[in-house]
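The values are calculated or read from the model by the stated rules, or taken from the named source; none is laboratory data. Computed from a predicted structure; not experimentally measured. Don't worry about glycine lacking a Cβ; one is built from the backbone with ideal geometry, like all the others, and counts go over all protein chains shown.
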Amino acid sequence: MKIICSLVLALLAAGISPAQTTKPSAAKTSAPPREAFPLWPEGAPGALGKEDKDIPTLTPYFANATKATGAAMVICPGGGYGGLAPHEGRDYAMWLNEQGIAGFVLKYRLGSGGYKHPAMMQDVNRAIRTVRGRAAAWKLDPRRVGLMGSSAGGHLASTGLTHFDGGKAEDADVIERASSRPDLGVLCYPVITMGPNTHAGSKRNLLGDNPNPELVKLLSNELQVSKDTPPTFLFHTAEDAAVKVENSLDFAAALQRHGVPFSMHIYPKGRHGIGLGTGQWDPDARHPWTTQLAFWLKEQGFAKQDH
């Protein structure tokens, strides 16, 4: 398989503001979002109760019909497996809508809610199955369902890219019959490893204080890449003080070894959690990574082509 790897070193002015969660005006959305819905109507496997924290959901944001390409992306916001950052969920979905891609923001179960692995992996796999299984009803292409995540959400996305299956053909639940393999991945300043270069808070919330070494290895996703891992776009900043850039570098190296196409962009400057650029919805202050991602998504047949 031909390796597609572009390493872009682009200067970014220092002083990017930390993540904010300012709610964008409704006028900014390409299409009104539908209501969030539970991934398991009868309750998630291993649920500890019936409160909001126990109910993983998807919130769809559909692209305007004049732009829609039929592609979709499940989005995993970051937050150290202890919270969910809106600017890495809703804002990404709105940006994807601009590219003609439907965005599905995943509210997955968290360590702060009493959950540990495998609950989070169950949620992301179910999210991919759900979008693929309902693709016809939503006028989407089941062969173009991607997975995107930032920070700890990037770890969950990288888990989805490396821990998937083809579905259970005879399952009574039609959603469970669908494959959970994403068709591509987008990882933004992701946590990848549970080893020495991990983000300690994410590891603790996901695996607990003293996890089994085999579990640490299993969820160190740079070790789980195979030839079947989907093509992946990665972006990170070299000065990220929260999640070391080695996370992205090691995942990209694993993709290279296994012949998986990827596009990687490392920027010298930029704080952790910048989202689309400033940590808030601002179409006039987009980081260059969004331009590179838009180009790559066109190459992958996900985004609307320029004419």
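Can you name the residue in the range 120-139 that is of a type in the set (A, V, I, L, M) and crowded, with 23+ Cβ neighbours inside 10 Å and is also nearest to L215 (Cα to Cα) among such residues? Spell out the reasoning first.
Going residue by residue through the range 120-139, those that are of a type in the set (A, V, I, L, M) are 120-121, 124, 127-128, 131, 135-137.
If we keep only those that are crowded, with 23+ Cβ neighbours inside 10 Å as well, we get 120, 124, 127-128, 131.
Values: M120: 14, V124: 18, A127: 23, I128: 23, V131: 28 Å.
Result: M120.
Report, by residue number, each residue of the range 230-247 that is part of a loop (DSSP other than H, G, I, E, B) and among the acidic types (D, E). Step through it out loud before you land on a result.
Taking the range 230-247 as the starting set, the residues that turn out to be part of a loop (DSSP other than H, G, I, E, B) are 230-231, 238-245.
Across the range 230-247, the qualifying residues are E239, D240.
Pick from K269, K227: which is among the basic types (K, R), touching a strand residue (DSSP E or B) at 6+ places or on another chain (Cβ under 8 Å), in a loop (DSSP other than H, G, I, E, B) and surrounded by fewer than 22 Cβ atoms within 10 Å (Cβ to Cβ)?
Result: K269 is the single residue among K269, K227 that is among the basic types (K, R), touching a strand residue (DSSP E or B) at 6+ places or on another chain (Cβ under 8 Å), in a loop (DSSP other than H, G, I, E, B) and surrounded by fewer than 22 Cβ atoms within 10 Å (Cβ to Cβ).
Say whether the condition of being buried (at least 24 other Cβ atoms within 10 Å of the Cβ), in a loop (DSSP other than H, G, I, E, B), on the phi > 0 side of the Ramachandran plot and among the small types (G, A, S) is met by at least one residue in the range 80-98.
Yes, because at least one residue in the range 80-98 is buried (at least 24 other Cβ atoms within 10 Å of the Cβ), in a loop (DSSP other than H, G, I, E, B), on the phi > 0 side of the Ramachandran plot and among the small types (G, A, S).
For residues that are over 15 Å from the mean Cα position of the chain (by Cα) and of a type outside the set (D, E), scanning just the range 140-150, find the one that is surrounded by the most Cβ atoms within 10 Å (Cβ to Cβ).
L140
What number of residues in the range 284-305 are closer than 18 Å to P230 by Cβ, part of a loop (DSSP other than H, G, I, E, B) and not small (G, A, S)?
2
Being assigned to a helix (DSSP H, G or I), of a type in the set (D, E) and over 19 Å from R181 (Cβ atoms): is that true of D250 here?
Judged against the criteria, D250 is a match.
Residues to consider are L234, L219, L215, L206; find the one that is under 19 Å from G146 (Cα atoms), of a type in the set (A, V, I, L, M, F, W, C) and in contact (Cβ under 8 Å) with a residue 24 or more places away in the chain. Reasoning before the result, please.
On the way: L219 fails: under 19 Å from G146 (Cα atoms); L215 fails: under 19 Å from G146 (Cα atoms); L206 fails: under 19 Å from G146 (Cα atoms).
None of the other options fit; the residue is L234.
With N197, N205, N212 as the choices, which residue is surrounded by fewer than 24 Cβ atoms within 10 Å (Cβ to Cβ), at pLDDT 95 or above and closer than 22 Å to E239 by Cβ?
N197
Would you call R143 assigned to a loop (DSSP other than H, G, I, E, B), farther than 24 Å from K298 by Cα and touching an Asp or Glu at 6+ places or on another chain (Cβ under 9 Å)?
no
State which residue is surrounded by the fewest Cβ atoms within 10 Å (Cβ to Cβ) when the search covers only the range 253-266 and only residues that are outside any loop (DSSP other than H, G, I, E, B) and in contact with a Cys (Cβ under 9 Å, 6 or more places away or on another chain). Steps first, please.
Keep residues of the range 253-266 that are outside any loop (DSSP other than H, G, I, E, B), which gives 253-257, 262-266.
Those left that are additionally in contact with a Cys (Cβ under 9 Å, 6 or more places away or on another chain): 255-256, 262-264.
Working: L255: 26, Q256: 15, F262: 25, S263: 22, M264: 22.
Among those that are outside any loop (DSSP other than H, G, I, E, B) and in contact with a Cys (Cβ under 9 Å, 6 or more places away or on another chain), it is Q256.
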